[in-house]
1. Dipole magnitude of chain A about its Cα centre, charges +1 at Lys/Arg Cβ and -1 at Asp/Glu Cβ only, in debye to the nearest 20?
2. Could you compute the FRET efficiency for B:Arg15 and B:Arg166, with r as their C-beta to C-beta distance and R0 at 56 Å, rounded to 0.05?
3. Could you point to the residue in A:Met226, A:Ser167, B:Ile242 farthest towards the positive end of the protein assembly as shown's charge dipole, with +1 and -1 charges on the Cβ of Lys/Arg and Asp/Glu respectively?
4. Hey, quick one: spin label on B:Thr113, modelled 7 Å out along Cα-Cβ, who in region B:191-218 has an amide N within reach, i.e. under 16 Å?
5. Taking every DSSP beta bridge that has both residues in chain B, what percent is antiparallel when rounded to the nearest 5?
6. Check which residues have an amide H placed less than 5 Å from B:Ser200's amide H, if you skip close sequence neighbours.
7. Which residue fluctuates the most in chain A, going by a Gaussian network model with Cα springs under 10 Å, if the choices are A:Pro74, A:Pro196, A:Pro113?
8. Need the list of aspartates and glutamates near A:Lys72 for cross-linking: C-alpha distance under 20 angstrom, and skip anything on the same chain fewer than eight residues off.
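Just so you know, all these numbers are worked out from the coordinates, no wet-lab data involved. Remember, it's a predicted structure, so these values are computed and weren't measured experimentally. When we count neighbours, we look across all protein chains shown, and the Cβ atoms used for this are built from the backbone with ideal geometry, even at glycine.
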Amino acid sequence: MFPELIDTRPLRRAVDDGLNWVVRNWGGELEAAAYPLLMFLNWIERLLLATPWWLIVAILVGLAFLATRNWKLPVVVLVALVFMGIMELWRDAMVTTALMLAATLTAIVISIPIGVWMSRSMRVRQIVTPVLDLMQTMPSFVYLIPAVMIFGPGKIPALLATIVYASPPLMRLTDLGLRNVDPAVMEASRAFGDTPTQRLFGVQVPLALPTILAGVNQTTMMALAMVVIASMIGAGGLGYQVLQGIGRLEVSRGLFAGLGIVVLAIVFDRITQAYGKRLQERFGLGEVR
Amino acid sequence: MDTNGTTADLAITMRGVTKIFGPAPETALALLTKGKSKTEVQAETNHVVGLDDVSLDIERGQIFVVMGLSGSGKSTLIRHVNRLIDPTAGKIVVNGEDVLSMSLDQLRTFRRTSIAMVFQKFGLLPHRSVLSNVAYGLEIRGVGKAERLERAAHWVEVVGLSGYERSRPRQLSGGQQQRVGLARALAMDTDILLMDEAFSALDPLIRSGMQEQLIELQSSLNKTILFITHDFDEALKIGNRIAVLKDGAVQQVGKPEEIVLNPANAHIEEFVRDVNKARAIHVRTIMEKGAFEPCEHTVPMDARCEDVLPWFAEHQWVGVTNADGGQIGRVSARQVIRALAKYSPDVADPV
């Protein structure tokens with residue numbers, strides 16, 4: 001056994017007491033701070049539930065067609081969504097989609113600026129990268145439990161956990177995309193006397209967009225991967241059905257809800273990927289330069 | 001080293017410009033000023049000498065060609081003119097303004113209004129149309145949308161890309177893409193144009209077409225063009241003056257025929273050996289000056305030896321005329337052959 005060099009009990013106690021202190025003194029404030037996020041999530045959820053099913057099907061099939069300009073993907077999307085409806089999973093699917101959308105949109109707002117910052121400063125990247133490793137590998141329960149202690153069980157900790165888990169790939173890919181922009185184009189822009197802002201929005205971001213979109217795709221997928229865990233602390237949706245299926249040993253319920261998650265993942269993954277590919281083709285990237 | 005004597009209208013002046021790449025350029029600079037060579041400095045300090053005490057005078061309205069092999073520092077040199085690279089030591093004056101003392105803001109204004117650049121790798125924006133690419137520099141400058149698109153459309157036409165306005169760069173061939181790059185620079189309407197190996201990535205035939213187009217454009221626009229190339233033939237074809245660069249140092253500066261007739265050292269002689277001298281040498285540098293009896297056939301004074309050769313089949317003497325058409329001298333086949341066959345310093349006396 002490894003020898004006991006120091007007594008770690010005071011350290012553990014300090015961490016626990018610290019968290020308790022935060023919950024007692026700052027719980028209300030933190031909850032209020034996260035309230036806009038909750039409003040946002042609820043708004044998306046109400047919107048999706050209020051929209052007639054056929055309209056949502058039409059929109060997603062339409063997006064799939066716009067992204068690929070052929071009939072294969074729209075048919076896949078149509079079959080997938082009809083399956084969802086027939087299996088009586090529509091409502092749960094919309095709740096899950098709302099959580100995924102809220103988490104993805106928030107992650108985009110947070111991650112892209114951080115990714116931009118990472119691409120511009122070696123130092124920032126050195127600091128942020130280990131934090132991202134931590135966010136991706138730390139078992140989510142480790143931060144879910146404090147989050148539940150602070151916010152109480154419900155949608156807020158579920159949403160926060162999903163954001164924490166889903167943002168890292170987008171930050172990494174934004175950083176990577178910006179750093180890999182063809183230096184010849186950057187130099188040309190510089191030679192014409194651009195300002196850093198003109199260069200960022202006129203050259204770097206547009207050229208990095210395919211990579212950034214790949215990041216958004218990853219974020220969407222990881223947000224969907226979190227739904228079962230999120231449902232354990234009160235997120236509802238398809239994850240909750242899976243959880244109930246396990247709890248009641250109803251294999252069929254778990255199986256169909258699980259398939260529902262897979263179907264959502266396929267629909268959103270294929271659509272976002274198709275848009276990424278379209279952009280790349282337009283730029284002529286991926287061809288021999 | 002060439003000293004021009006006249007302090008004529010200079011567009012670009014470089015004095016003692018030295019660039020050393022590395023974390024501590026000062027130590028390497030000290031060694032370099034003590035007279036150590038590029039390789040010695042690199043071995044001792046692990047610093048790369050980009051430019052070594054370069055001084056150049058570039059007159060307004062000239063095509064000035066800097067010629068050198070890869071690694072000679074020519075691309076580094078051209079980037080000093082608009083300060084894409086900051087020198088370690090030296091002085092650079094463009095249009096009478098000291099480029100090195102400019103603040104970041106002044107430098108931006110300078111790049112937007114006084115100087116435009118064409119790149120070997122084109123540097124076009126792949127997500128924009130040809131028209132929008134040509135308008136990019138004007139957009140940076142802050143020109144309104146309607147005006148910049150109108151001007152861009154004009155230059156797209158001048159470089160011969162009408163009909164491609166809506167295409168994306170990747171749909172064009174290399175030569176067409178470089179025309180977009182050229183149009184983008186010309187649309188800026190600056191007096192000075194920097195061209196960094198602009199034609200090097202193109203096929204020989206297309207390159208030759210682009211060279212002719214550049215000479216034609218130059219005669220109508222009368223810009224100052226600093227042109228970088230590794231191709232000696234290209235330098236002779238388009239250059240009014242040529243500087244040869246090796247290991248970051250200027251080996252020789254002069255008119256094309258001065259370099260062909262009097263190569264300053266063995267390095268330049270190697271280039272000259274394989275060159276088409278009939279193309280390099282102007283007849284006016286080897287002609288017999290004076291008002292002789294008018295010849296049956298005459299050529300203008302900027303004709304080259306290859307232009308007069310065919311006429312010797314019929315005529316013994318071919319006259320050389322100035323811009324007004326008056327004969328200022330004549331040339332015989334013997335003189336041409338002598339100039340082409342030998343280029344040792346003691347043969348002809350080029351003036």
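1. Roughly 500 debye for chain A.
2. For B:Arg15 and B:Arg166, the calculated efficiency is 0.75.
3. A:Met226
4. What the label zone holds, given the 16 Å backbone N cut-off, is B:191-192.
5. Antiparallel: roughly 55 percent of the beta bridges in chain B.
6. none
7. Result for chain A, Cα springs under 10 Å: A:Pro196 fluctuates most.
8. Candidates past the 8-residue exclusion: A:Asp269, A:Glu281.
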